[in-house]
Amino acid sequence: MTFRLQWRISVCITLILCWVNGAFPLSGQKQLSGQKQNVARTHGPTDARELELFLDKIFTEEMEKEHIPGAAFVFVKDGAVLFSKGYGFVDLERTKPVSAERTIFRIGSISKLFTATAVVQLADRRKLDLQNDVNRYLKKIKVPTTYPQPITAAQLVSHTAGLDEIRPGTQAPNSEGVLPLPAFLQTRLTRIRPPGEVISYSTYGITLAGELIEEVSGMSFESYLKTNIWQPLGMDRTSITVPESQASDLAVGYEYREGVNRPQPYEWYHTTPASSINSTALDMSKFMLMHLATRGTAKRILSERAMREMHSRHAGGHPQVPGVAYGFFEDDYQGLRILEHGGNMAGFSSQLVLLPEENAGFFMVNHHENSNLRDTVKWAILERYYSNPAAIKAPVARDEYKTRTPMFVGTYRWNVFCHTCPQRPSGPVLKVSSNEDGTVKLSNSSHRWIEVEPMLFVRDDGKAKIAFQSDKAGKVKYLYSSGFWVFERTD
């Protein structure tokens, strides 16, 4: 089994390397060349035909450029689907067109949003307390008492539980080889830091949350989601185990190698709650509409109070740098708060984006795990329909901070890697150096970063922010550019 198949996270390594090289933004800022900037924020698309024409050009050009066989997209606003469309083909042998309504795609790590929703739902129904020690509810497996502080359900779904991201070994050879969650987790719950210390994207935290759902509800994970989320929302083409009656609509995964789109094997994971849901664009619109409903405008499976709690910020490196809610990661575009999650599988890439302040959101999925299509579409939509240049303000350097730069200088590694595995850690490394003018510089970027208040830095053009976090001894330990992108110091 290849390393690529073993090491699966919610964004592919190609996107990570692009981030390090400055191709993608820190804290949600990206300028798309050739796009006209508005003078004040607009409030999203209002005409489905205009949106279709805008997106058709992007999908056509980018899919041709990247040789992507098929994709699906849906945009929701004000309690309804504004626009949905399939592009290209489900598979290349039958040349069957993609349907936003019928074509079933693998959504990868967006599965984590359903797991988080189910945990919050159980708390909403008073079946568990999000702030209680999860060991109070778990019978088949227990979290080790490595630290005196217990791990809570809230920490599992906010990626702050402090569990190691152990790899390889998350994949099963086939459906029959998928282990029950307690059997898989029995030897793989390794605690590497006290809970609540830092955000670190966690497959194991969400997988343990899936086991929590099973034990509290007395149902299998898939049965719980089907009965309590998918059926109430009318998501009848969403599943983990695709029914035989829908199998012909399941998209084939493709990767483009050596000038050819090659079919990819179907992947099975022991980490089912973190990885393994399949859905359609139209079904995902129902899930988004539920999460955007605040006044009874869509089917509800969570109370308004629970919805507000789920979407609230629960952890972060600094109030002005995006953090994490329950399940959702925050991003920011020119002052507009974004809740989102991406997903990858062999042959597939997907993204779900909510704009709660605008009562809007969109979901897209396409072939090719390493494609840039989802990022291109996301930033194109944000820039065209939600631009707010007035929110961008260049930072002003303060003399009292100019002598502080040595404390931040060092080497930082993205903190999503196995800390206890024998193999060398993977993932991007970011180096921070100081400039003569009292600013800092990040490796692979020509920009200066200016400290505007303790531990908070703004890029010299005002389009991005980062924050540092110290340990109890006062030594700088973490660099945050968002809840998802957190780097830990290695020197």
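Every number here is computed from the coordinates shown, using simple stated rules; none is lab data. Worth saying up front: this structure is predicted, and the values here are computed from it rather than measured. Because the Cβ atoms are built from the backbone with ideal geometry, glycine has one as well, and the counts that use them run over all protein chains shown.
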*Unit charges on C-beta of K, R, D, E only; dipole of the chain, Debye*: 820 debye
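Apply 1/(1 + (r/R0)^6) to the Cβ-Cβ distance of LYS127 and GLU50, taking R0 = 56 Å, and write down the FRET efficiency to the nearest 0.05.
Between LYS127 and GLU50 the formula returns 0.80.
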*At 0.36 nm per residue, minus the direct Cα-Cα distance, what do HIS419 and ARG300 gain on full extension? Give it in nm, one decimal, please.*
38.8 nm
_Cα convex hull of region 415-472 - mean projected area over all directions, nm²_ = 5.7 nm²
*Long-range amide H contacts for TYR333: which residues qualify at under 5 Å (H placed 1.01 Å from N, peptide plane, sequence gap of 5 or more or a different chain)?*
ILE338
*How compact and how long is region 373-491, expressed as Rg and Dmax of its alpha-carbon atoms in Å?*
16.2, 49
*Which ³J(HN,Hα) values, rounded to whole Hz and listed in residue order, are derived for region 158-169 from phi using the Karplus coefficients 6.51, -1.76 and 1.60 in 6.51 cos²θ - 1.76 cosθ + 1.60 with θ = phi - 60°, glycine and proline given as x?*
10, 6, 10, 6, x, 8, 6, 9, 6, 9, x, x
*Once phi is turned into θ = phi - 60°, what whole-Hz ³J(HN,Hα) does the Karplus curve with 6.51, -1.76 and 1.60 give for every residue of region 337-347, x standing for Gly and Pro?*
6, 10, 10, 7, 7, x, x, 9, 9, 4, x
*Among 389-398, 109-118, 339-348, 216-225, what's the highest-first ranking by average C-beta atoms within 10 angstrom per residue?*
109-118, 339-348, 216-225, 389-398
*Over the chain, what is the relative contact order in whole percent, taking alpha-carbon pairs under 8 Å and six or more residues apart?*
22 percent
*Over region 254-362, calculate the relative contact order: mean separation of alpha carbon pairs under 8 Å at least 6 apart, over the residue count, as a percent.*
20 percent
_Inter-label distance, nm, simple model (7 Å from Cα along the C-beta direction), LYS140/TYR256_ = 4.2 nm
*HN-Hα J couplings of region 474-491 from phi, Karplus 6.51/-1.76/1.60, θ = phi - 60°, integer Hz, Gly and Pro as x?*
x, 7, 4, 10, 10, 10, 10, 10, 5, x, 6, 8, 10, 10, 10, 6, 10, 10
*Given H placed 1.01 Å from N in the peptide plane, which residues other than close sequence neighbours of ALA315 have an amide H under 5 Å from its amide H?*
VAL324
*Just need the Rg to Rh number for region 47-162, please, alpha carbons only, Kirkwood Rh.*
1.18
